[in-house]
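The block underneath contains the structure these notes are about, expressed in structure tokens.
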Amino acid sequence: MFSGRDVRSDFPTLHQQVNGKPLVYLDNAATAQKPRVVIDALSRFYERDNANVHRGLHALSNRATEAYEGARARVAKFINAADPAEIIFTRGTTESINLVASSWGGANLKPGDVILLTEMEHHSNLVPWQLIAQRTGAKLRFVPVAGANVEGGLDLSGLNALLTPEVKLFAFTHVSNTLGVINPVAKLCAQARARGIITVIDGAQSIGHMPVDVRALGCDFYAFSGHKMAGVTGIGALYGRRTLLDAMPPYQGGGGMISVVEYQQSKWKPSPERFEAGTPNFADAVALGVACDYLDSIGRDAIARHDAALAQEAYQRLATLPGIRLLGPTGERSGLVSFAFADVHAHDIVTFADEDGIALRGGHHCNQPLMRKLSLTSTTRASFYLYNTAEEIDVLVKSLQRILKFFTG
Ligand code: C6P
């Protein structure tokens, strides 16, 4: 409940039975459900306004272009970017990070340079840097995680020593999708900035769950996906500081991103068009703008408090289960809890919980190196969003008790 508002009624998917039980959707870190207003906005666009953007001179094309550029301005406002031209629409976090790695990295990195990452990065904020390191001769370096269960998140005691003059870029996640830890990203940006190091924040797990102000955070780039913030799949964005974007070469070539094309060479448009080659995903971008409106109508501070309270309660309740290993901080955490049992595989837990109508995620969560570091192969994860309730935690705990009894007697 948010000030008496029943947000569950806004989400059609939630009102169904799974295996004869009411659905308990706790896989929000993988993807969130969509409110009716977002689904309707997408249908409405296709029913009324659909035409290619930036290309036509007819009424529908003008309407579609206006809606698309309106969505860009809305997303810019959502994260307090200084200028809509600092928002590049992409397929999501993964593509946004690949864009920075390939374009900024390809143009700026040379042998001997260092890309600083952390040991808790999702593969999407690791593999693109491995690829550009191979192309340019740069090296990867990692800020370590602390403690056996990583209760403390990142070990920042040695950060100053890691930020050597060879470090040209520092990329880190805002919220870990496996640990639930919220990193002190503003502080990390400030330390990097003081040394002229470019910063990239992976915002996949923060964007829909807390207020995000890229100027207050002081980052150079911020990458996120629409589908984790009540938007539809296939759309996300990269925020980039205007001065950096204007100096970066295109990521892909094609229509829409050029000013002049000759047989042997071409000239590019400025950002954002420079980075949006081909027909962009305008319909989903329009729906993303509506998702921003929806989340702001509820209030991101309130959503952050709600998610954190549920995760805290889940953490306390799960801690009473025999043999459980809970990952991440004991104190402040984002809206997810990740756990493991020595005798029951995460995939078995997820499959059995599904019998009780509960959607969880089990696996390495695209965090293989972190799993290895924790001497685990997988965890089970429950992740919460604005429509989840304390009653659903009851259902989860009872289901886990049943599963443990089945496997361990
Ligand atoms: N994590 C999860 O279940 P895409 O796939 O591009 O929308 O987001 C990638 C991504 C990047 N960084 C972090 C921290 C993430 O959590 C994710 C997506 C999902 O945890 C799918 S693996």
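The values are calculated or read from the model by the stated rules, or taken from the named source; none is laboratory data. Just so it is clear, the model here is predicted, and its values are computed rather than measured. A quick note on method: Cβ atoms are made from the backbone with ideal geometry, for glycine too, and the neighbour counts reach across all protein chains shown. In case anyone asks, the SASA skips ligands and DNA or RNA and just uses the protein heavy atoms, side chains included. Shrake-Rupley method; radii C 1.70, N 1.55, O 1.52, S 1.80 Å.
Table for the structure above
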item: Check on Gly180, without any contact (Cβ under 8 Å) to a residue 12 or more places away in the chain and either more than 10 Å from the ligand (Cβ to nearest atom) or outside the structural domain of Ala291 (by TED's automatic domain parsing) (or both); result: no
item: Selected residue (criterion: farthest from the chain's Cα centre (by Cα)) from residues of the range 129-173 that are polar (S, T, N, Q) and part of a loop (DSSP other than H, G, I, E, B); result: Thr164
item: Residue count, the range 29-60 (criterion: of a type in the set (A, V, I, L, M, F, W, C), assigned to a loop (DSSP other than H, G, I, E, B) and out of contact with any Pro (no Cβ under 7 Å at 6 or more places or on another chain)); result: 5
item: Selected residue [under 30 Å from Asp301 (Cα atoms) and either within 23 Å of the chain's Cα centre (by Cα) or open to solvent by 20 Å² or more (accessible area, probe 1.4 Å) (or both)] from Tyr222, Tyr251, Tyr263; result: Tyr222
item: Residues of the range 12-28 classified as part of a loop (DSSP other than H, G, I, E, B) and crowded, with 19+ Cβ neighbours inside 10 Å, total; result: 2
item: Condition check for Leu26: at pLDDT 95 or above, over 18 Å from Ala71 (Cα atoms), of a type in the set (A, V, I, L, M, F, W, C) and within 16 Å of the ligand (Cβ to nearest atom); result: yes
item: Spans of strands (runs of 3 or more DSSP E) in the range 310-409 with at least 1 residues under 19 Å from the mean Cα position of the chain (by Cα) and in contact (Cβ under 8 Å) with a residue 12 or more places away in the chain; result: 336-341, 361-363, 379-383
item: Candidates Arg44, Arg72, filtered to the one that is in the same structural domain as Ile198 (by TED's automatic domain parsing), modelled with pLDDT of 95 or more and open to solvent by 30 Å² or more (accessible area, probe 1.4 Å); result: Arg44
item: Criterion violated by Leu188 - all others in (1) in contact with a strand residue (DSSP E or B) (Cβ under 8 Å, 6 or more places away or on another chain); (2) part of a loop (DSSP other than H, G, I, E, B); (3) over 30 Å from Asn281 (Cβ atoms) satisfied; result: (2)
item: Gly92 being within 16 Å of the ligand (Cβ to nearest atom) and either over 26 Å from Ile207 (Cα atoms) or modelled with pLDDT of 95 or more (or both); result: yes
item: Residues (modelled with pLDDT of 95 or more, of a type in the set (Lys, Arg) and open to solvent by 40 Å² or more (accessible area, probe 1.4 Å)) located in the range 373-409; result: Lys398, Arg402, Lys405
item: Members of the range 300-326 that are open to solvent by 20 Å² or more (accessible area, probe 1.4 Å) and under 15 Å from Val212 (Cα atoms); result: Arg300, Asp301, Ala302, Ala304, Arg305
item: Boolean, Leu109 is out of contact with any helix residue (DSSP H, G or I) (no Cβ under 6 Å at 6 or more places or on another chain) and either of a type in the set (S, T, N, Q) or modelled with pLDDT of 95 or more (or both); result: no
item: Leading residue by the ranking (nearest to the ligand (Cβ to nearest atom)) among those in the range 120-148 that are open to solvent by 30 Å² or more (accessible area, probe 1.4 Å) and modelled with pLDDT under 95; result: Gly147
item: Set Leu288, Leu238: member being crowded, with 23+ Cβ neighbours inside 10 Å, touching a residue at least 60 places away in the same chain (Cβ under 8 Å) and assigned to a strand (DSSP E or B); result: Leu238
item: Check on Leu117, surrounded by fewer than 18 Cβ atoms within 10 Å (Cβ to Cβ), within 16 Å of the ligand (Cβ to nearest atom) and either among the hydrophobic types (A, V, I, L, M, F, W, C) or assigned to a loop (DSSP other than H, G, I, E, B) (or both); result: no
item: Selected residue (criterion: farthest from Ala204 (Cα to Cα)) from residues of the range 267-281 that are open to solvent by 20 Å² or more (accessible area, probe 1.4 Å) and in contact with a Ser or Thr (Cβ under 8 Å, 6 or more places away or on another chain); result: Lys267
item: Residues that are assigned to a helix (DSSP H, G or I) and either crowded, with 21+ Cβ neighbours inside 10 Å or touching a His at 6+ places or on another chain (Cβ under 6 Å) (or both), drawn from the range 77-94; result: Phe78, Glu86, Thr93, Thr94
